[in-house]
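**Q** Have a look at the structure that comes next, please.
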Amino acid sequence: MIEQPIDDIVANGGRNRDGSPRMLSRWTFEYSPAREFVEGYLDGRVLNACAGKTKLTHDGEIIRNDLNPEMDADTHVDVATLGDHFEPQSFDTIVFDPPFDEDKAENMYDRLHAKDVWAALEAFNTLVRTGGTVVSFGWNSWGMKSFPAFERVETTLFTRGPISRDFIVAVDRRTSSSMEDFG
């Protein structure tokens, strides 16, 4: 088995530029290091697949999806079905920051979570253009590794301290496409 090297480690804690505490919460992108990290990868037309309440900053179009109908989003569908709602190869960047597990969804997100993460990854495989990027947040670094059209750009570990699980961000770029990808 080939191990995926960690390209960077970002420590939790400290203070933001305005003096406020810098701590990870249930809204990942309110945590400035995570927000700055993901915004550095936004390019072209963006799909924020599990948008939550925090709006990312980008000079292009961002389509916000969130399963919760009470969130300010453009669509409210399960990420597993996003491929049914958008044209193939219609995004340059996809951000995937779902509740990382069922317990987190139960306790923090009104029991709302993707029922089939594999189907979501399959949808991203069809939705991102060649040269486009998928940025995946979670407890593991799997990202788009199952699809041969993708190569790993970066893996970053966000540490959370001695009693909380760290979270991992995998950045994968689509390097090619074939007719089978969109079959």
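**Q** Considering only the stretch 47-62, how many residues are assigned to a loop (DSSP other than H, G, I, E, B) and within 15 Å of HIS85 (Cβ to Cβ)?
**A** 3
**Q** Keeping to the stretch 52-77, report how many residues are closer than 21 Å to TRP118 by Cβ and surrounded by 17 or more Cβ atoms within 10 Å (Cβ to Cβ).
**A** Residues that pass the stated criteria total 3.
**Q** Also: Here's a check for you: in the stretch 13-36, which residue that is within 22 Å of GLY143 (Cα to Cα) and not in a helix (DSSP H, G or I) is modelled with the highest pLDDT?
**A** Top of the filtered list is TYR31.
**Q** Follow-up. At pLDDT 85 or above and not in a strand (DSSP E or B): does that describe ALA80?
**A** yes
**Q** Give just the number: which of (1) at pLDDT below 85; (2) surrounded by 11 or more Cβ atoms within 10 Å (Cβ to Cβ) does ASP43 not satisfy?
**A** (1)
**Q** Which condition number does VAL171 fail, the rest of (1) modelled with pLDDT under 95; (2) surrounded by 13 or more Cβ atoms within 10 Å (Cβ to Cβ) being met?
**A** Here VAL171 meets the rest and fails (1).
The values are calculated or read from the model by the stated rules, or taken from the named source; none is laboratory data. A quick note: this is a predicted structure, and the numbers were derived from the prediction, not measured. Ideal geometry is used to build each Cβ from the backbone, glycine not excepted, and the neighbour counts take in all protein chains shown.
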